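The structure under discussion appears below in the form of C-alpha cells.
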Amino acid sequence: MKSILMIGMGRFGSHLCMNLSKLDNEIMIVDECEEKLEDLLPYVTSAKIGDCTNIKVLESLGVSNFDLCIVCIGNNFQSSLEITSLLKDLGAKYVVSKANRDIHAKFLLRNGADEVIFPDRDIAEKLAVSLSADQVFDYINLADGYSIYEISPLPEWIGKSILDVNFRARYHLSIIGVKYGEHTQILPNADYVFKKDEHLMVIGHQKDLDKVIGK
C-alpha cells in the first residue's frame, strides 16, 4: 500500500484513481473543478479543490509526505510542466507525469519527472498487438528486448505436457503462469498438461515470442 497524490482528475486520472484504490492505496486527489472530484470520493481518503500551479496550494498538501505523486494533466502541457517542477522543488519523492508527445516527455524529465507515461500510446500499442494476433490477450515490455505475453496455447500443444512439448528448449521461452477461468497457477511443473481454454503467461525475448504468435 502506498500514499499517493493525484493531480488532474480527467478521464485518465479518474480511471487510474479507481484502480489504485482497488489495490488498497491511500489517495488524495486534487483538481480545480469540484465536479470532477465528486464521483471519486468513495475511492479516496481526501479530495481538494485547487490550482496546483500555485505553489501555496502545493505547499498546503505536504507533497513530501506521499510515496508517489502523479500529474495526470493531459490537455495543458504548460501546467503539467510547472506542477511537475514544483513538486520536485517541494521535496516530492517520486513524480510520475502524463505526456501526449515525445517532446513533452523530454521536457517533463528535464524538469523533475522521475517517470513519464503515455497512456494513449501504450493502449494503442497493446491494442495493435492483440488485434494483429488472435492468441494474444495482453503483454508487458521489459528491459533489453524481453517481454511477457498472455497467450492461448497453440493447437498442437493441447493435451500435451510442457515436457512433451519440450517448451523451453524448442521455443527459448518460459511459462511463468497459467490462467484458467478465475484460477491462476504460478510456475507450472514440467508435467503440466495444456488445456484448450486457458491463457499462458510466457516470458522471453521478443524475437522468440514473435515466432510463437506468428508475427
Problem set entry | Count of the range 81-108 residues which are among the acidic types (Asp, Glu) and touching a residue at least 60 places away in the same chain (Cβ under 8 Å) | 0
Problem set entry | Candidate set: the range 98-135, residues that are among the small types (Gly, Ala, Ser), more than 15 Å from LEU16 (Cβ to Cβ) and not in a helix (DSSP H, G or I); chosen: the one modelled with the highest pLDDT | ALA113
For this session: Filter the strands (runs of 3 or more DSSP E) completely within the range 1-68 down to those with at least 3 residues that are farther than 23 Å from GLU115 by Cβ and not charged (D, E, K, R).
Result: 46-49
Exercise. Pick from GLN135, GLN78: which is without any contact (Cβ under 8 Å) to a residue 24 or more places away in the chain and either in contact with a helix residue (DSSP H, G or I) (Cβ under 6 Å, 6 or more places away or on another chain) or polar (S, T, N, Q) (or both)?
Worked result: GLN78
Problem set entry | Looking only at the range 93-120, and only at residues there that are surrounded by fewer than 23 Cβ atoms within 10 Å (Cβ to Cβ) and of a type in the set (A, V, I, L, M, F, W, C), the one that is nearest to VAL44 (Cα to Cα) | VAL96
Problem set entry | Within the range 63-77, considering residues that are exposed (fewer than 13 other Cβ atoms within 10 Å of the Cβ) and at pLDDT 95 or above, the one farthest from MET18 (Cα to Cα) | SER64
Exercise. Of all residues in the range 151-160, how many are out of contact with any helix residue (DSSP H, G or I) (no Cβ under 9 Å at 6 or more places or on another chain) and more than 16 Å from ASP210 (Cα to Cα)?
Worked result: 4
Problem set entry | Within the range 152-215, strands (runs of 3 or more DSSP E) holding 2 or more residues that are free of Cβ contacts under 8 Å to residues at least 12 places away in the same chain and either in contact with a Phe, Trp or Tyr (Cβ under 8 Å, 6 or more places away or on another chain) or surrounded by fewer than 13 Cβ atoms within 10 Å (Cβ to Cβ) (or both) | 183-186
Exercise. Has the range 113-127 got at least one residue that is closer than 24 Å to LYS56 by Cβ, over 17 Å from the mean Cα position of the chain (by Cα), assigned by TED's automatic domain parsing to the domain that holds MET28 and free of Cβ contacts under 8 Å to residues at least 60 places away in the same chain?
Worked result: no
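Checking the structure you have, find out if any residue of the range 18-26 is touching a residue at least 24 places away in the same chain (Cβ under 8 Å), among the hydrophobic types (A, V, I, L, M, F, W, C) and surrounded by 20 or more Cβ atoms within 10 Å (Cβ to Cβ).
No: the range 18-26 contains no residue that is touching a residue at least 24 places away in the same chain (Cβ under 8 Å), among the hydrophobic types (A, V, I, L, M, F, W, C) and surrounded by 20 or more Cβ atoms within 10 Å (Cβ to Cβ).
The values are calculated or read from the model by the stated rules, or taken from the named source; none is laboratory data. Small disclaimer: the values here were computed from a predicted structure and weren't measured. FYI the Cβ positions are ideal-geometry reconstructions off the backbone, even for glycines, and counts take in every protein chain you see.
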